[in-house]
Amino acid sequence: MASSNGEEKKQSEAGRHQEVGHKSLLQSDALYQYILETSVYPREPEPMKELREITAKHPWNIMTTSADEGQFLNMLLKLINAKNTMEIGVYTGYSLLATALALPDDGKILAMDVNRENYELGRPTLEKAGVAHKVDFREGPALPLLDELVKDEKNHGSFDFIFVDADKDNYLNYHERLLQLVKVGGVIGYDNTLWNGSVVAPDDAPLRKYVMYYREFVLKLNKALAVDPRIEICMLPVGDGITLCRRIK
Ligand SMILES: C[S@@+](CC[C@H](N)C(=O)[O-])C[C@H]1O[C@@H](n2cnc3c(N)ncnc32)[C@H](O)[C@@H]1O
């Protein structure tokens, strides 16, 4: 796409090293808006739209999964015929609803979050959509819950898809456990692996404190995933970056 140097510079400055202005790493707001308006919003199921609007009014709305990423997850789950899934990090449940709508009627989502209140905010949209019966919500930190699951051998290799969107400082701890729980050929999706573009920010970039803090963990995760022989990976610049890991052994 043709654009003047000045405009390019302005766009790149606006897109880099800032807090999330919109939920995309695309350097052009107009292009992102085009994607949303042309392909995402017109096809967004009504309950997801409703939940997105409820979440937009919540003070922590920056945490929600973007509509384009929700659409991506929904499509991916259908492509891989996922039935038994897990989600770590629910918030108000936008990605949860995108997942629940993609699964067959007897599909399951084991959903974990330390905060039940935010989940309850989105729960009525799950009910309205007729998919609440697929969700098994567990309140609490994910790591001990995963340890419990790993203890029981019948859970090994039982998940088709696992979406991880919670505390970045634990992603590598989750990874070791999740690799036992996901089936060979199944997929783990790690969210925020481009962490607001901060993975390529210079050390003196004016990053927000929390972005700076988690950046080290995201960098470490990305390095570890890149050399892990137990998985194939694909890092996509959707949302804040999502790395898909397909278990191969
Ligand atoms: C980025 S939000 C999740 C967004 C969600 N996937 C969506 O579509 O809106 C991260 C969530 O992780 C939860 N969380 C943070 N630490 C956690 C932990 N140790 N175990 C489980 N959940 C945690 C937070 O309460 C928060 O709701």
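Read the figures in this text as sums done on the coordinates, not as results from a lab. The model shown is predicted, which means the values in this text are computed figures rather than measured ones. When we count neighbours, we look across all protein chains shown, and the Cβ atoms used for this are built from the backbone with ideal geometry, even at glycine.
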Springs between alpha-carbon pairs under 10 angstrom, Gaussian network model over the chain: which of Ser95, Ser198, Ser28 fluctuates most? Ser28
Just for the chain, what percent of DSSP beta bridges are antiparallel, to the closest 5? 35
Looking only at aspartates and glutamates whose Cα falls under 20 Å of Lys220's and that sit 8 or more positions away or on another chain, we get Asp165, Asp167, Asp169, Glu176, Asp191, Asp203, Asp204, Asp228, Glu232, Asp240
In debye, nearest 20: dipole of the chain around its Cα centre with unit charges on the Cβ of K, R (+) and D, E (-)? 440
For the chain, modelled as a GNM with alpha-carbon contacts under 10 angstrom, which of Met86, Met48, Met235 fluctuates the most? Met235
Choice from Ala100, Ala226, Ala67 with maximal GNM fluctuation in the chain (Cα, 10 Å cutoff): Ala226
Amide H within-cut-off set for Phe137, under 5 Å, with H built and near neighbours excluded: Ala111
Considering only C-alpha atoms, what is the centroid distance from region 51-65 to region 99-170, in Å? 19
